[in-house]
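Below: the structure, in structure tokens.
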Amino acid sequence: MGGVTGVYSRRIFHGVFGVPLENLLNSVPSEDFMGLHPDPNLTYAADLVTKLNSGEYDFGCASDGDGDRNMILGKKFFVNPSDSVAVIAANAVQSIPYFKGGLKGVARSMPTSAALDRVAAKLGLGFYEVPTGWKFFGNLMDADKLSVCGEESFGTGSDHIREKDGVWAIIAWLSILAHRNAHTEEGKLITIEQIVKEHWATYGRNFFSRYDYEEVKSAPADEMMNHVAAQIKSGELIGKKFGSLVIAKADNFEYVDPVDKSVSTNQGLRLIFEDGSRIIYRLSGTGSSGATIRVYFDQYESNPAHINTDPQEALKPLINIALQISKLREFTERDHPTVIT
């Protein structure tokens with residue numbers, strides 16, 4: 001996306017793997033990212049999404065300006081970052097030589113879906129839920145507690161380096177593809193979509209989405225967060241029913257680091273339902289240019305008949321509950337998010 005990884009993409013994907021240069025989009029580093037937004041998501045990498053949705057290509061990937069984040073696409077198929085780290089962890093030992101001795105543990109940021117939790121439970125791995133911020137993963141790596149980690153904001157990494165690594169994540173997916181297709185007949189490629197759907201069939205699916213409301217005026221953004229926080233503090237949300245969904249827990253996430261015992265508070269307002277579904281509110285970037293409100297939705301589905309439902313349709317009840325409790329539209333005068341992941 002006009003960033004630093006263009007150099008690596010040309011050396012690795014063209015020089016080593018033989019990918020034609022014309023298939024490497026925006027691969028020349030540019031001081032202004034070629035006038036584009038350098039975030040690798042469905043909104044800002046729309047040209048890449050269009051190419052993969054055409055059906056002409058089997059694999060697509062994007063990395064951001066400084067190379068620490070990534071997006072993975074299959075033919076007409078988007079891999080949610082929460083699913084991406086879960087699939088990598090589930091396939092790492094078999095597919096990636098670096099992990100042939102096994103995984104030490106796995107971790108995700110708190111807002112990231114619980115898909116990775118299910119892999120950890122099934123494989124008997126140590127699991128950690130940490131606040132947003134890569135330093136929390138770094139502490140676990142330093143203590144040899146962590147091998148693979150990720151966050152819903154398109155960051156994925158491993159303990160080969162104490163930082164998220166977009167190029168590594170892309171190559172990890174290519175390694176999984178290569179392993180799964182080692183003995184397939186020509187013309188019968190096991191695709192990205194098949195790998196992800198087989199993962200859902202094994203572990204179930206966590207429907208996940210994030211709504212970003214960017215450049216909201218700081219005062220109403222604060223008022224909205226305070227409105228939710230007040231309801232959490234009073235305890236009035238516990239036991240509240242919304243159709244078949246019942247709130248079991250409501251809090252402001254707090255993390256005690258298992259390595260240095262430091263405590264991180266006020267890491268996100270959480271509503272957790274009896275079935276494990278979650279709504280999370282976080283506020284960031286307050287200042288003269290406004291604030292960004294992020295609302296996260298996470299809902300587990302184990303029924304094979306329902307796991308291929310469109311996420312926005314599956315999450316509609318949670319989305320409506322989140323808007324109702326927060327009064328986000330009333331406070332911000334925003335009817336729609338700026339970005340949906």
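The table below gives the values:
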| quantity | calculated |
| --- | --- |
| Test: residue in segment 83-93 that is surrounded by 24 or more Cβ atoms within 10 Å (Cβ to Cβ) and outside any helix (DSSP H, G or I) | no |
| Among (1) open to solvent by 40 Å² or more (accessible area, probe 1.4 Å); (2) in a strand (DSSP E or B); (3) over 19 Å from A248 (Cα atoms) - the single one T292 does not satisfy | (1) |
| Residue in segment 129-163 that is least open to solvent (accessible area, probe 1.4 Å), counting only those that are under 23 Å from G268 (Cβ atoms), part of a loop (DSSP other than H, G, I, E, B) and of a type in the set (S, T, N, Q) | S153 |
| Extreme residue, nearest to F137 (Cα to Cα), among residues of segment 232-268 that are surrounded by 12 or more Cβ atoms within 10 Å (Cβ to Cβ) and touching a Ser or Thr at 6+ places or on another chain (Cβ under 9 Å) | D257 |
| Matching residues in segment 256-271 - criterion: being closer than 25 Å to T292 by Cβ and of a type in the set (D, E, K, R) | R270 |
| Sole residue being touching a Pro at 6+ places or on another chain (Cβ under 7 Å), surrounded by 15 or more Cβ atoms within 10 Å (Cβ to Cβ) and of a type outside the set (D, E, K, R), chosen from G60, G74, G65 | G65 |
| Among (1) at positive phi; (2) in contact with a Leu (Cβ under 8 Å, 6 or more places away or on another chain) - the single one R334 does not satisfy | (1) |
| Some residue of segment 181-193 being closer than 20 Å to V79 by Cβ and touching a Phe, Trp or Tyr at 6+ places or on another chain (Cβ under 7 Å) | yes |
| Candidate set: segment 12-41, residues that are part of a loop (DSSP other than H, G, I, E, B), of a type in the set (A, V, I, L, M) and more than 16 Å from G166 (Cα to Cα); chosen: the one nearest to the chain's Cα centre (by Cα) | L36 |
| Residue in segment 203-217 that is free of Cβ contacts under 8 Å to residues at least 24 places away in the same chain and either open to solvent by 30 Å² or more (accessible area, probe 1.4 Å) or assigned to a loop (DSSP other than H, G, I, E, B) (or both) present | no |
| Matching entry among Y44, Y8 (being surrounded by 11 or more Cβ atoms within 10 Å (Cβ to Cβ) and in contact with a Gly (Cβ under 9 Å, 6 or more places away or on another chain)) | Y8 |
| Boolean, K240 is under 23 Å from A114 (Cβ atoms) and under 20 Å from the mean Cα position of the chain (by Cα) | no |
| Subset of segment 245-272 [in contact (Cβ under 8 Å) with a residue 40 or more places away in the chain and either assigned to a loop (DSSP other than H, G, I, E, B) or more than 26 Å from K135 (Cβ to Cβ) (or both)] | L245, F253, D257, P258, V259, D260, Q267, G268, L271 |
| Residues of segment 308-333 satisfying the condition of being surrounded by fewer than 19 Cβ atoms within 10 Å (Cβ to Cβ) and in a loop (DSSP other than H, G, I, E, B) | N308, T309, D310, K327, E333 |
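The values are calculated or read from the model by the stated rules, or taken from the named source; none is laboratory data. Quick caveat: nothing in here was measured; it's all calculated off a predicted structure. Glycine also receives a Cβ, built like all others from the backbone with ideal geometry; neighbour counts cover every protein chain displayed. SASA here: full protein model, heavy atoms, side chains in, ligands and nucleic acids out. Shrake-Rupley method; radii C 1.70, N 1.55, O 1.52, S 1.80 Å.
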